[in-house]
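Trainee: A single structure is presented below for examination.
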Amino acid sequence: MKVPFTFRGWLRGAGAVLLPLLAASCLNGGGRFQKKMCEGPPLSEEPLYKWRASDGVEVPYCQWLPPKGMRPKGLVIAVPGMDEASDDWGQLGRHLSARGYEVYSCDLRGQGRDMDCPERGDYHRWKRWVEDVNEFADHARGKRSLHMAYMGHSLGGILALSAAVSSEGRGPDALVLYAPAFVLAYPPWFARPAVTLAEAVTFNQSRVTGPAVFELIGRNLVSNVEDEAAWERSCDRLCKGMTLRYVLACMDAGKQARNLPGKVNIPVLLQYGRSDATLYMCRRSPGRLWEMFHSEDKELWWHPDPEANHDMLNDRMVRRVMLDKTCSWLNDRVSARAAR
């Protein structure tokens, strides 16, 4: 049942998200985390590659390729979520590449392993993120005729959706949205005053998340993490923090994406965990989000484990089922379509 919109309800929901961040900004104080942000990118065993975007900026990415001699079934472009990095897709990349897919993931500017230290946690051009997805997909595919799927987690889900809609004929043949964060949205009158206020009170020199906030909200989105090294990298990034304008850029991307599902006409797989906290925050059921897509071939998949949360990819209890489902779905929509 659809919950009617009320200003009081929206204010209560927005306050539950933003007030802890603003409080943490005051507790963190100034640019305390800026030095840590520039000590170097998070360490990972995944090899680091670089590609050059149309504006001349070099952006890091990861790739996972099929075994030598195996003909690729197709391409998968994986888009990281809020404050995530390309190497966070290692579990999925290794799973799909062993089964014949080329998997590529590009870091989003302002997070992950961005070469420009001051940008980390302080990037605010979300439309550049969308442009990067399509440009990076062109870079990965080159002149080949391989069929391709965009995949995104959380914020990356709505960026993948935005990129697919704006790809102008050379976009993906399928779309996998893994817990897309439509919750990251706000009324249009909120954006400009909020950014102006942030600049006026110098929140942009302060990081609006810190260890206390991470412990408050981070563990509520992930459970049963198997890869402790990956968890430590993620924890390290979140503890370093994000500016308010970066958070607002993420929310703006979510707001703009709400009208896009009706423009999608390619196969869509929408995946959610049954305990995903972002669903409660936006007070929408996955079924309601699924109905927004007008594609003739669309599927809503709930993970059967009742404890499956927002980040199923790094959850040892539910990850394998999620990866097998994703691979099976891609085989039917990308690999089989290419064979025809």
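The values are calculated or read from the model by the stated rules, or taken from the named source; none is laboratory data. Keep in mind that this is a model prediction, so the values were computed, not measured. In this analysis, Cβ positions are derived from the backbone assuming ideal geometry, glycine residues included, and neighbour counts consider all displayed protein chains. These accessible areas exclude ligands, DNA and RNA; they are computed on the full protein's heavy atoms, side chains included. Shrake-Rupley method; radii C 1.70, N 1.55, O 1.52, S 1.80 Å.
Trainee: So how do ARG274, ARG320 rank on accessible area, 1.4 Å probe, biggest first, that is with the largest at the start?
Mentor: I get ARG320, ARG274, largest accessible area first.
Trainee: Heavy-atom accessible area of SER328 with all protein chains present, probe 1.4 Å, nearest 10 Å²?
Mentor: Only protein atoms counted, so the area is about 60 Å².
Trainee: Using a 1.4 Å probe and counting only protein heavy atoms, arrange ASP138, ASP276 so the residue with the most accessible area comes first.
Mentor: ASP138, ASP276
Trainee: Starting with the highest mean, order 251-259, 74-82 by the number of other Cβ atoms within 10 Å, averaged over the residues of each peptide.
Mentor: 74-82, 251-259
Trainee: Can you list residues from other chains, or at least 5 along the same chain, whose modelled amide H is less than 5 Å from the amide H of VAL76?
Mentor: Those qualifying (amide H under 5 Å, at least 5 residues apart or on another chain) are GLU102, VAL103, TYR104, ALA149.
Trainee: Also: Within 10 Å, count the other beta carbons around each residue, average over each peptide in 114-120, 156-162, and list them highest first. The partial results should precede the final answer.
Mentor: Values: 114-120: 16.9, 156-162: 28.0.
Packing proxy ranking, top to bottom: 156-162, 114-120.
Trainee: At a 1.4 Å probe radius, which order do ARG99, ARG316 fall into by accessible area, largest first? Walk me through the numbers before you get to the answer.
Mentor: Details: ARG99 80, ARG316 130 Å².
Largest accessible area first, the list is ARG316, ARG99.
Trainee: Okay, next question. Output the pairs from LYS255/LYS325; LYS143/LYS255; LYS68/LYS143; LYS73/LYS143; LYS263/LYS325; LYS143/LYS298 with a Cα-Cα distance over 27 Å in this structure; if there are none, say none.
Mentor: In this structure, LYS255/LYS325; LYS143/LYS255; LYS143/LYS298 lie more than 27 Å apart at Cα.
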